[in-house]
Amino acid sequence: MKILTKLLFMLLTVLSPLILLMSSVRVLMTPAFLDYEYNLPKFPADPYGFTLADRLKWGKISMDYLTNNESDGFLNTLKFENGSPLYNERETSHMLDVRRLVQAGLKVWYGLLVFTVVVLAIALITRNMRSFWKAVSNGGWWTMGLIVLILAAVLINFDGLFTAFHALFFKGDSWLFFSDDTLIRLYPEKLWVDAFIYAGIFSLVAGAICAFLGARFAHHE
């Protein structure tokens, strides 16, 4: 039992960066993030005519599609006032890929949260909270180190990081679009740069909280 609990605490430390980063990403996948981004004074206007209201409407509907229970073909039903489709076939295909990735990622995230609760329960049952909090603290430090590297990559070469990210999760050039495509008009590069930065900052703060509070609680156990 001691060996098992030790392995679980080590695994919690190793998985902490993923847990905190995925939690930060989930926070950003909400309408509030689009409200904030679209209303920024320096957020680029759409040169092809989307108003702020248009972006808020279509941006939120499209983001919600990634996590809701609508059919996979839901985006094909969205149309402009003149009857033309909101998205072309290439865009809907990519959004379906993104949806599948997001929903698979959410299942992993839920599993990681359950794993954390299980480890906490075992620590309570075995009266080994000191080791639990040490694992949390160490995980916080691991998270901060990883996030600093990611934020440095964002600031040094965001395009390279963005390309590498898509190459990892999507086939070929299925994620590349023209400047007048709806996806680019709704979600320009500015939004993605900010999303990476905010996810990093949220994770960095969460990591710092885990590192310092975990160490403090471990000290008092």
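For the range 1-48, which positions are in a helix (DSSP H, G or I), among the basic types (K, R) and open to solvent by 90 Å² or more (accessible area, probe 1.4 Å)? Lay out the reasoning, then the answer.
To start, the set of residues in the range 1-48 that are in a helix (DSSP H, G or I) comprises 2-28, 31-38.
Narrowing the set further to residues that are among the basic types (K, R) leaves 2, 6, 26.
The answer is K2, K6.
Given the criteria without any contact (Cβ under 8 Å) to a residue 60 or more places away in the chain and in a helix (DSSP H, G or I), does D54 qualify?
Considered against the rule, which asks whether it is without any contact (Cβ under 8 Å) to a residue 60 or more places away in the chain and in a helix (DSSP H, G or I), D54 comes out as yes.
Hand me the list of helices (runs of 4 or more DSSP H) wholly inside the range 112-221 holding 1 or more residues that are hydrophobic (A, V, I, L, M, F, W, C), touching a strand residue (DSSP E or B) at 6+ places or on another chain (Cβ under 9 Å) and modelled with pLDDT of 90 or more.
none
Please work out which one of (1) within 16 Å of the chain's Cα centre (by Cα); (2) part of a helix (DSSP H, G or I) is the condition N76 fails and give its number.
(1)
Taking G140, is it open to solvent by less than 30 Å² (accessible area, probe 1.4 Å) and in contact with a Cys (Cβ under 8 Å, 6 or more places away or on another chain)? First the steps, then the outcome.
On the way: open to solvent by less than 30 Å² (accessible area, probe 1.4 Å): yes; in contact with a Cys (Cβ under 8 Å, 6 or more places away or on another chain): yes.
Yes, satisfied.
Would you check if there is a residue in the range 88-110 being in contact with a Gly (Cβ under 9 Å, 6 or more places away or on another chain), under 28 Å from Y198 (Cα atoms) and in a helix (DSSP H, G or I)? If you could, list the steps in order and put the result at the bottom.
Going residue by residue through the range 88-110, those that are in contact with a Gly (Cβ under 9 Å, 6 or more places away or on another chain) are 92, 96.
Checking the rest, the ones that are also under 28 Å from Y198 (Cα atoms) come to 92, 96.
Next cut, in a helix (DSSP H, G or I) only: 92, 96.
Yes - at least one qualifying residue is present in the range 88-110.
Just one of the numbered conditions (1) open to solvent by less than 30 Å² (accessible area, probe 1.4 Å); (2) touching a residue at least 40 places away in the same chain (Cβ under 8 Å); (3) hydrophobic (A, V, I, L, M, F, W, C) is not true of W133; which one?
Result: W133 fails condition (1) only.
Considering (1) on the phi < 0 side of the Ramachandran plot; (2) over 21 Å from the mean Cα position of the chain (by Cα), say which one G59 fails and leave the rest.
Of everything listed in (1) on the phi < 0 side of the Ramachandran plot; (2) over 21 Å from the mean Cα position of the chain (by Cα), G59 misses just condition (2).
Could you give me the residue pairs with C-beta distances under 7 Å whose first residue belongs to the range 149-176 and is open to solvent by less than 90 Å² (accessible area, probe 1.4 Å), whose second residue is in a loop (DSSP other than H, G, I, E, B) wherever it lies, and which are 6+ apart or on separate chains?
H166/W175
Please determine whether any residue of the range 87-97 is of a type outside the set (D, E, K, R), open to solvent by 60 Å² or more (accessible area, probe 1.4 Å), touching a strand residue (DSSP E or B) at 6+ places or on another chain (Cβ under 9 Å) and at pLDDT 95 or above.
The answer is no; no qualifying residue exists.
Just to be sure, is S71 assigned to a helix (DSSP H, G or I), of a type in the set (G, A, S) and either within 19 Å of L101 (Cβ to Cβ) or open to solvent by less than 20 Å² (accessible area, probe 1.4 Å) (or both)? Show your work before the answer.
Values: assigned to a helix (DSSP H, G or I): no; of a type in the set (G, A, S): yes; either within 19 Å of L101 (Cβ to Cβ) or open to solvent by less than 20 Å² (accessible area, probe 1.4 Å) (or both): yes.
Answer is no for this residue.
The values are calculated or read from the model by the stated rules, or taken from the named source; none is laboratory data. Everything quoted here is computed from the prediction, not taken from an experiment. Here Cβ is always computed from backbone atoms with ideal geometry, including for glycine, and neighbour counts include all displayed protein chains. Calculation scope for accessible area: heavy atoms of the full protein, side chains included, ligands and nucleic acids excluded. Shrake-Rupley method; radii C 1.70, N 1.55, O 1.52, S 1.80 Å.
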